[in-house]
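Engineer: Quick one: this structure, given as structure tokens, is what I'll be asking you about.
The values are calculated or read from the model by the stated rules, or taken from the named source; none is laboratory data. Everything numeric here is computed off the predicted structure, so don't read it as measured data. Please note: Cβ atoms are built from the backbone with ideal geometry, for glycine as well, and neighbour counts cover all protein chains shown.
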Amino acid sequence: MSAGKSFWEMDEMRIITGAMVILGGATALLVVMPYMLLKEVPPPAALKPYSDIQLVGRQSYISNGCVYCHSQQPRDIAQAPDFKRGWGRASVAGDYAYDTPHLLGTMRTGPDLMNIGARQPSKDWQLGHLYQPRAYTPGSIMPSYPYLFEVRQGEAKANETVVNLPPSFAKPGQVVVARPEALALVEYLLAMDRTYPALAPLAPATDRKK
Ligand code: HEC
């Protein structure tokens, strides 16, 4: 046995040092650099922060698993025909300025929802579609969310929001009333509108809140 080790013979210190160098490099490249590049991106002037009710709806979007089937990241025309599909221009970093956590999504079982508020601004449609997707899109594989609604015989109270289903799906004598969770979720969906130009100039310095 020779006393000296060749370069390729491993010992604990070399393994640990090597692992640390690789981990450090990967962290710098995948965590630190993107953070430095994106931390100063200001929100576009046309993008409004979410209201309280929209934030409640956003939470419900998360807890109901909408993100498992819907993305929020229209792609560039060079990568995918998202613009032709009507999903909007390619998103830019500033579009997500108020999104914590972001809901980019990885699956597109359903359409991208980054601009659903601009594409389908009808509250009636959104509520009805959540109650029964197949009443609006025959053969839709989106789950219905009946627990966001209350189905009742008779009349709705004055302060309640009644879901106006297409005639073939409305049962005589029965009303479908949206629960607060459904209303908040739809407020969130209707706020999804990033149709302003991606490279719009920032608000004049005097208008900007510090
Ligand atoms: C299992 C997958 C799946 C889940 C989960 C899901 N969806 Fe969908 N969604 C779809 C599919 C497929 C469509 C297209 C057919 C249709 O319009 O129903 C769709 C369509 C939509 C549309 C209409 C989009 C357009 O461009 O017209 C909206 C809005 C929507 N979903 C919202 C939601 C919300 C909010 C949730 C969570 C409460 C949700 N979806 C959960 C699959 C899903």
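Engineer: Kindly check whether there is at least one residue in the stretch 98-116 that is among the charged types (D, E, K, R), over 30 Å from Pro42 (Cβ atoms), modelled with pLDDT of 95 or more and assigned by TED's automatic domain parsing to the domain that holds Gln72.
Structural biologist: no
Engineer: Quick one: what pairs do we get from the stretch 67-78, first residue among the charged types (D, E, K, R), second in a loop (DSSP other than H, G, I, E, B), C-beta under 7 Å, 6+ apart or different chains?
Structural biologist: Arg75/Asp82; Arg75/Ala90; Asp76/Ala90
Engineer: Right, another one. Looking at the stretch 94-107, which of the residues that are surrounded by fewer than 17 Cβ atoms within 10 Å (Cβ to Cβ) and not β-branched (Val, Ile, Thr) is farthest from the ligand (Cβ to nearest atom)?
Structural biologist: Ala97
Engineer: Scan the stretch 78-93 for residues that are buried (at least 19 other Cβ atoms within 10 Å of the Cβ) and more than 9 Å from the ligand (Cβ to nearest atom) and report the count.
Structural biologist: So the answer is 4.
Engineer: Say whether the condition of being surrounded by 15 or more Cβ atoms within 10 Å (Cβ to Cβ), in the same structural domain as Val177 (by TED's automatic domain parsing), more than 10 Å from the ligand (Cβ to nearest atom) and more than 25 Å from Val176 (Cβ to Cβ) is met by at least one residue in the stretch 119-135.
Structural biologist: Within the stretch 119-135, not a single residue is surrounded by 15 or more Cβ atoms within 10 Å (Cβ to Cβ), in the same structural domain as Val177 (by TED's automatic domain parsing), more than 10 Å from the ligand (Cβ to nearest atom) and more than 25 Å from Val176 (Cβ to Cβ).
Engineer: Can you pull out every residue in the stretch 29-45 that is without any contact (Cβ under 8 Å) to a residue 12 or more places away in the chain and surrounded by 11 or more Cβ atoms within 10 Å (Cβ to Cβ)?
Structural biologist: Selection gives Val32, Met33, Pro34.
Engineer: Which count do you get for residues in the stretch 39-77 that are basic (Lys, Arg) and within 15 Å of the ligand (Cβ to nearest atom)?
Structural biologist: Matching residues across the stretch 39-77 total 1.
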